[in-house]
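The values are calculated or read from the model by the stated rules, or taken from the named source; none is laboratory data. The shown structure was predicted, so the numbers you read here are calculated from the model rather than taken from an experiment. Don't worry about glycine lacking a Cβ; one is built from the backbone with ideal geometry, like all the others, and counts go over all protein chains shown. Note: accessible area is taken over every heavy atom of the protein model, side chains too, but ligands, DNA and RNA are not part of it. Shrake-Rupley method; radii C 1.70, N 1.55, O 1.52, S 1.80 Å.
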Amino acid sequence: MKKSIKKILALLLACMLVASFAACNNNPDTSGEPSGSTTSPSSQPSGSSEQPSTEPGRTTLNVAVSLDSGTLDPLGMTGAGGFLNVERTYMETLYDYDANGERFWILATGMDYISDIHYTLHIREGVTFSNGNTMDANDVLYTMVKNNESPQFYLNVKAIDFEKTNVADDYTIDLWYTAFNASQEIGMSQMVILDEESYDPEEMSLNPVGTGPYIVTDYVVNSHVKVELRDDYWGDTPSITTINFKTLNEDSQRVNALVTGDVDMAAIPIKDADYIESLGDYTVTIRNQGSYFVTLFNMTPDAPLGTAEARQAVSYAIERQAIADIVFSGKADVLRWPVSESLIDIEDRFLDMDETYSAGYDTAKAQTLADESGLTGKTLRIITNGAADYITMAEIIQDSLSAIGVNSDIINYDQATYFGLLMDESNFDIAIFTPTAPSMLAVDILYNYPTFIPLGWTGEKHDEYMTFGAAATETFDMTARGDILYDMLKIFVEEVPWYGICEWPVVNVFNSDMQDVTFTLAGSALYQFYSFAS
């Protein structure tokens, strides 16, 4: 099979709901695996503000986003709907990864490898926050501590040993892990750096302070965010001087905004891709970036799906190709293992490990298993977050279950309520879900999600699985880690805590006059690298 390129975003838990745009640095320095070479500073943007123009070569960019969190404080935002990209205009990370999985340095200049758990992190000199304060190693360590204190963002620093990690000098951090963790170095790339002297969550919610090339000049919750170029940014001068982010939560709103020319960039449903492309004014890209759909199962022993046979019956009953065809216009790939085939640690031996994946849809086998497990005639609760794609998927699954004599009720919630309900498996039998991770590592996803969303899975097989998971994430050698992951997967496809449905292809649309529009590994946008043709 064609392996995905080397891709490496902390477990943000269902925050990658809508695709985003990104540009990668032209001078990536090292691979995404832990490494020790300190490299020269990479080029970064800066410049002075200009008046926007509507002519070619203009300096104003209009972008559609959605799902406003109601705050611009990076420790309060979910990042969904493109708002992570809003954040990256005024905040910056230590480093990031381009679409090829190559690391490029931003607020750090390198990280020296000393051992699997010991590194020297070099912080860039000459960087100032938008309030004029100088950024140094103390701000970086402060940010690590604040992430560690956050229930939402602690995974960015989950392996850091805060008893040993210390500031060696103004621009050097002596960095220690409690144990090697395969996703830690990549997770830390999602940590935007705070100003220790001025950070205040309430003030940051409307007037954020960061090291990024832009400052927020206007923010109305659920309406718009306007950012403008700083005149004292530490890096190179970008072409785009003003960005207007317009909050358009409905798919139809974003499509209409493209049709009318109200925005230059948007994420849209795949069903509208051909239409927008036919207008001739936009470039449309469709790609997999680690998002995918699964059915989470309530594995509690006395629940309707409390046996592996019952969960296998549901798996065989689901017509996954119909979901790909109807929901994604035939442009989504059906999964061949429980996670996306875009994840970086995929191997051929992980695919089609069970007939539920290699053969898939089989109503006769589903009926037999449903009868043998006592599932026939029971009623299952299917829950969704209320999004159109989720609801359509649930309806197709409902029809598939009906064909084997299993009833189901679909209950749709808003995103916040739905996510809370997932924390207690007694609230559902099946939940449509997208278990993703910024690390783009299957070992990260497959180990952490059964902990965070336990699904009522207990017993000897669960304990064996979690032991493998812990060992895999703490194994530095990639070959050895793959062997452990293989053992994990054998248990996973046998026990079926969830069933992989299909990829969630991301549709990115941008004005055809725009140049240098590329993507980071996690799909984030670095708008300072974009420009319009002159």
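Tabulated data
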item: Cβ charges +1 (Lys, Arg) and -1 (Asp, Glu), total dipole of the chain, debye; result: 900 debye
item: Per-selection Kirkwood Rh - segment 83-220 (Cα, Å, 1 d.p.); result: 15.4 Å
item: Where a label projected 7 Å from the Cα of Ala533 along Cα→Cβ would reach, residues of segment 236-276 with amide N under 20 Å; result: 239-241, 258-266, 276
item: Nonlocal amide H pairs with Cys502, under 5 Å, H built at 1.01 Å; result: Phe293, Leu335
item: Spatial separation of Cα centroids for segment 406-462 and segment 162-215, in angstrom; result: 29 Å
item: Among 296-302, 72-78, the order from most to least packed when residues are scored by Cβ within 10 Å on average; result: 72-78, 296-302
item: Of Phe104, Pro213, His122, farthest towards positive along the dipole that unit charges on Lys, Arg, Asp, Glu beta carbons give segment 91-231; result: Phe104
item: Three-way shape label, segment 382-534, alpha-carbon gyration tensor, a/c 1.5; result: oblate
item: Size descriptor, Kirkwood hydrodynamic radius, that averages inverse alpha-carbon separations across segment 346-422, Å; result: 14.3 Å
item: For segment 327-424, accessible area per residue (1.4 Å probe, heavy atoms of protein chains only), Å²; result: 41 Å²
item: By average C-beta atoms within 10 angstrom, highest first, the peptides 146-155, 313-322, 116-125; result: 313-322, 116-125, 146-155
item: Segment 146-206: proportion of alpha-carbon pairs further apart than 14 angstrom, %; result: 65 percent
item: Over segment 462-534, volume per residue of the alpha carbon convex hull, in Å³; result: 144 Å³
item: Size-normalised alpha-carbon gyration radius of the chain, reference 2.2 N^0.38 Å; result: 0.97
item: Reachable aspartates and glutamates, given that their alpha-carbon falls under 20 Å from the alpha-carbon of Lys365 and they are not under 8 places away in the same chain; result: Glu309, Glu319, Asp352, Asp354, Glu355, Asp399, Glu494, Glu495
item: Accessible-area composition of the chain, carbon plus sulfur, in percent [1.4 Å probe]; result: 46 percent
